[in-house]
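The values are calculated or read from the model by the stated rules, or taken from the named source; none is laboratory data. Not measured: the values here are computed from a predicted model. So basically every Cβ, Gly included, is an ideal-geometry build from the backbone, and we count neighbours across all protein chains shown. With ligands, DNA and RNA removed, areas are computed over all heavy atoms of the protein, side chains included. Shrake-Rupley method; radii C 1.70, N 1.55, O 1.52, S 1.80 Å.
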Amino acid sequence: QVQAVESGGGLVQAGGSLRLSCAASQSIFSMNVMGWYRQGPGKQRELVAGITSGGSTQYADSVKGRFTISRDNAKNTVYLQMNSLKAEDTAVYYCLFPGGRWGQGTQVTVSS
């Protein structure tokens, strides 16, 4: 069972940037897909970005062009680079691997 630990969240002004990291407890090389999710106040949890073992990516329309998901297999880590942050990006961000479970996530707060 792979465990994930999210980090990198914080308080940032609108227009700023943050990079979130998701460290896995074991190799992510063979994982078919890994994803970042978020849940804002009063909203449903949603998929923000996903990446496959082959490197293909997909993004929610709301973040396309601003966020970039990437992976480093050698470090067993998945990243989410967030640029041009908006107030509506405020949420708890979670990383999920196949067979995993929701963890604590990392809070991202964007001031308007």
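How much accessible area per residue does the chain have, counting only protein heavy atoms and a probe of 1.4 Å, in square angstrom?
53
Can you tell me the FRET efficiency between residue 30 and residue 68 if r is taken as the Cβ-Cβ distance and R0 is 30 Å, rounded to the nearest 0.05?
0.85
Tell me, which longest segment in the chain has none of the trypsin sites (Lys or Arg not before Pro) that fall in DSSP loops with at most 12 further Cβ atoms within 10 Å?
After excluding every exposed loop site, the longest remaining stretch is 1-42.
Check which residues have an amide H placed less than 5 Å from residue 90's amide H, if you skip close sequence neighbours.
110
Based on the Cα gyration tensor of the chain, what are the three equivalent ellipsoid semi-axes, each the root of five times an eigenvalue, rounded to whole Å and given largest first?
Calculated on Cα positions only, the semi-axes equal 23, 14, 12 Å.
Where does the longest stretch of the chain lie that holds no chymotrypsin sites (Phe, Trp or Tyr not before Pro) found in a DSSP loop with 14 or fewer other Cβ atoms within 10 Å?
The longest uninterrupted stretch comes out as 30-101.
How large a share of the accessible area of the chain, in percent, is made up of carbon and sulfur atoms when the probe is 1.4 Å and the other protein chains stay in place?
Carbon-and-sulfur percentage of accessible area, whole number: 46.
Multiplying the sequence separation of residue 61 and residue 5 by 0.36 nm and subtracting their Cα-Cα distance, what value in nm do you get?
17.6 nm
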